[in-house]
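The values are calculated or read from the model by the stated rules, or taken from the named source; none is laboratory data. This structure is a prediction, so every number in the text was calculated from the model and none was measured. Ideal geometry is used to build each Cβ from the backbone, glycine not excepted, and the neighbour counts take in all protein chains shown.
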Amino acid sequence: RTLRIGLIAGDGIGKEVIPAGRRLLESLPSSLNLNFSFVDLPAGFETFKETGTALPEKTVETLKKECDGALFGAVSSPSTKVAGYSSPIVALRKRLDLYANVRPVKAIASARSPVDLVIVRENTEDLYVKDERTFDAPDGSGKVAEAIKRISEKASHRIATLAGDIALQRQKIRATGSVSSIHNRPLVTITHKSNVLSQTDGLFRETARKALAAPKFESVEVEEQIVDSMVYKLFRQPSAYDVIVAPNLYGDILSDGAAALVGSLGLVPSANVGDNFAMGEPCHGSAPDIEGQGIANPIATLRSVACMLEFMGEETAAAKIYAAVDGNLEEAKILSPDMGGKARTEEVLEDVLKRL
Ligand code: NAI
Ligand code: MG
């Protein structure tokens, strides 16, 4: 099987970790019968400064027409408004209908506290529809800004269904050892704040419940948790979770929080998933503080390659990558500075390739 992969390195350390992802794909054992071709595609703040757009139409078209999957590095987004700039990753998720952001968070076997969970975040709506406005308060007391939080039955249903499918898939591979057996049966936790937002989060909760009541999810245990107490419990007892499903904003916050459980943002991968396309994306940003030094941890990207392959139906290749990365972390000899080591991006990559 030959797969064409779009490579969107973006800004900062995106340019250092995406080449590592490419090398990994090129180095997969030939017994897997997988071949790859690549196309480099521009996006990001530098692209914006050069061309006036952060996401050139050609990048979107090439991904849609030519590619089977993609890897996205990171882009820098100014935190104050720059005229004409808007985040290309948010736009890309919409344009390619990548409706789910799937983030596995897993500690190595020898870690002090066991963590092995997956956060399934809705990727297209909620406050991220970015429908905001600012106006003067009618009583003359100053400005007021407001934003629309949009939740639809359609998006809530498909994200909950995907969460259920992932729970079933994990149950299958639990036996093989690649999911550590913290749970002995699949569990989906629905996250919301419907005690306050009874209509928006209420619709999410109700629809997710309905989706997960489908006969195919008979073996899946379903529970729900209010998002604030979820944060508390996630940090107190992460082993209580298997698959977490959440609307966009809560999912974003929970997944960065969960990354702290396993040590470094440089370890945590994600995949943006649609019905026919998967885009792997490390969870970290462009890390301007370490850019250009060759010390970025490539592991989040290497695991994102595995995530992408899983959603392309290449579970065997993905499992090999996860195992090679776990081997590197377990042995804890060749670690990048964020993990307390001295190794450079290149050295961590070489060690993982050797184990592969
Ligand atoms: P960041 O994730 O870039 O960095 C946070 C901290 O973690 C920094 O100290 C950085 O050195 C460290 N770090 C991150 N990834 C690492 C890796 N692979 N290896 C070693 N250390 C790593 O988040 P920050 O600083 O808040 O944002 C920087 C820029 O990145 C901003 O412009 C922001 O908008 C953008 N960003 C982009 C994202 C994306 O493209 N999806 C996601 C998050 C932030
Ligand atoms: Mg985030």
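What to note about this one:
- Matching residues in region 247-294 - criterion: being assigned to a loop (DSSP other than H, G, I, E, B), within 20 Å of Leu117 (Cα to Cα) and charged (D, E, K, R): Glu281
- Scope region 205-238; condition more than 20 Å from Pro104 (Cβ to Cβ) and among the charged types (D, E, K, R); matching residues: Arg205, Glu206, Arg209, Lys210, Lys216, Glu218, Glu224, Asp228, Arg236
- Only listed residue being touching a residue at least 24 places away in the same chain (Cβ under 8 Å) and of a type in the set (A, V, I, L, M, F, W, C), chosen from Val268, Val196: Val268
- Taking the numbered list (1) touching a residue at least 24 places away in the same chain (Cβ under 8 Å); (2) within 24 Å of Thr124 (Cβ to Cβ) in turn, Leu187 passes all entries but (2).
- Selected residue (criterion: nearest to ligand 1 (Cβ to nearest atom)) from residues of region 63-117 that are among the acidic types (Asp, Glu) and closer than 21 Å to Gly6 by Cα: Asp97
- Pairs with Cβ under 6 Å, 6+ apart, first in region 247-260 and more than 11 Å from ligand 1 (Cβ to nearest atom), second hydroxyl-bearing (Ser, Thr, Tyr) and assigned to a helix (DSSP H, G or I): Asn248/Tyr128
- Lys354 assigned to a helix (DSSP H, G or I) and free of Cβ contacts under 8 Å to residues at least 40 places away in the same chain: yes
- Scanning region 233-246 for residues that are of a type in the set (D, E, K, R) and either within 13 Å of ligand 1 (Cβ to nearest atom) or part of a helix (DSSP H, G or I) (or both) yields Lys233, Arg236.
Listed here are the residues, each with its yes/no results for (1) in contact with a Leu (Cβ under 8 Å, 6 or more places away or on another chain); (2) within 30 Å of Pro238 (Cα to Cα); (3) at pLDDT 90 or above.
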| site | (1), (2), (3) |
| --- | --- |
| Val75 | no, yes, yes |
| Thr80 | no, no, no |
| Asn101 | no, yes, yes |
| Ile119 | yes, yes, yes |
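- The residues in region 15-24 that are closer than 14 Å to Ile321 by Cα and within 19 Å of the chain's Cα centre (by Cα) can be counted, and the count is 4.
- Qualifying position, being under 25 Å from Arg95 (Cβ atoms) and either within 16 Å of ligand 2 (Cβ to nearest atom) or within 22 Å of the chain's Cα centre (by Cα) (or both), among Pro247, Pro288, Pro238, Pro298: Pro247
- With respect to the conditions (1) modelled with pLDDT of 95 or more; (2) among the aliphatic types (A, V, I, L, M); (3) within 21 Å of Ser110 (Cβ to Cβ), Ala287 lacks only one, and its number is (3).
- Here Thr80 passes the criteria (1) among the β-branched types (Val, Ile, Thr); (2) farther than 21 Å from Ala317 by Cβ; (3) in contact with an Asp or Glu (Cβ under 9 Å, 6 or more places away or on another chain) except the one numbered (3).
- Filter result for the condition that a residue is buried (at least 23 other Cβ atoms within 10 Å of the Cβ), assigned to a helix (DSSP H, G or I) and not hydroxyl-bearing (Ser, Thr, Tyr), over Glu16, Glu46, Glu61, Glu50: Glu16
- When region 310-325 is filtered for residues that are crowded, with 18+ Cβ neighbours inside 10 Å and either in contact (Cβ under 8 Å) with a residue 40 or more places away in the chain or within 16 Å of ligand 1 (Cβ to nearest atom) (or both), the ones remaining, listed by number, are Phe311, Met312, Glu314, Ala317, Lys320, Ile321, Tyr322, Val325.
- Checklist (1) touching a strand residue (DSSP E or B) at 6+ places or on another chain (Cβ under 8 Å); (2) modelled with pLDDT of 95 or more applied to Val105, failing item: (2)
- If the condition is being assigned to a helix (DSSP H, G or I) and of a type outside the set (Ser, Thr, Tyr), then region 19-43 contributes Pro19, Ala20, Gly21, Arg22, Arg23, Leu24, Leu25, Glu26, Leu32.
- Contacts under 7 angstrom Cβ, first residue in region 159-179 being under 13 Å from Ala319 (Cα atoms), partner hydroxyl-bearing (Ser, Thr, Tyr) and modelled with pLDDT of 90 or more, 6 or more apart: Ser178/Tyr322
- Number of positions in region 127-137 that are assigned to a loop (DSSP other than H, G, I, E, B), over 21 Å from the mean Cα position of the chain (by Cα) and surrounded by 10 or more Cβ atoms within 10 Å (Cβ to Cβ): 1
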